[in-house]
């Protein structure tokens with residue numbers, strides 16, 4: 001039982017690190033699109049990218065929660 005608890009903690013930590021790195025990556029892309037883009041087009045693309053990232057992240061969380069609640 002202790003091994004299962006430690007494995008669950010390890011998986012949670014790894015998932016947290018992956019999510020953290022994902023949002024750092026999103027921030028870097030958004031920063032560069034907004035900071036170094038000329039005109040309004042890069043800013044529009046960055047808003048679409050951010051909306052897509054938030055949407056996909058929300059979908060991931062909702063499907064993960066539903067799978068965890070079912071099992």
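222 nm [θ] for the chain, helices only, -39500 (n - 2.57) per DSSP H run of 4+, per residue, to 500?
After summing the helix terms and dividing by residue count, I get -33500 deg cm²/dmol.
Return the distance in nm (one decimal) between the two label points of a simple spin-label model at residue 67 and residue 27, each offset 7 Å from Cα along Cα→Cβ.
Modelled inter-label distance: 2.7 nm.
Nearest 10 degrees, 0 to 90: what angle lies between the long axis of helix 2-36 and the longest principal axis of the chain (Cα atoms)?
Long axis of 2-36 versus the principal axis of the chain: about 0 degrees.
Radius of gyration and Dmax for the chain's Cα atoms, expressed in Å?
Computed over the Cα atoms of the chain, radius of gyration and Dmax are 17.0, 58 Å.
Connecting C-alpha atoms closer than 10 Å in a GNM of the chain, tell me which of 50, 59, 33 has the biggest fluctuation.
Of 50, 59, 33, the Gaussian network model singles out 59 as fluctuating most.
Run the quick spin-label model on residue 34 and residue 19: label points 7 Å from Cα toward the beta carbon, then report their separation in nm to one decimal.
It works out to 2.2 nm between the two label points.
Throughout, read-outs are computed from the coordinates displayed, never taken from laboratory work. Just so it is clear, the structure is predicted and the values come from calculations on it, not from any experiment. Positions of Cβ are generated from backbone atoms using ideal geometry, with glycine treated the same way; all protein chains shown enter the neighbour counts.
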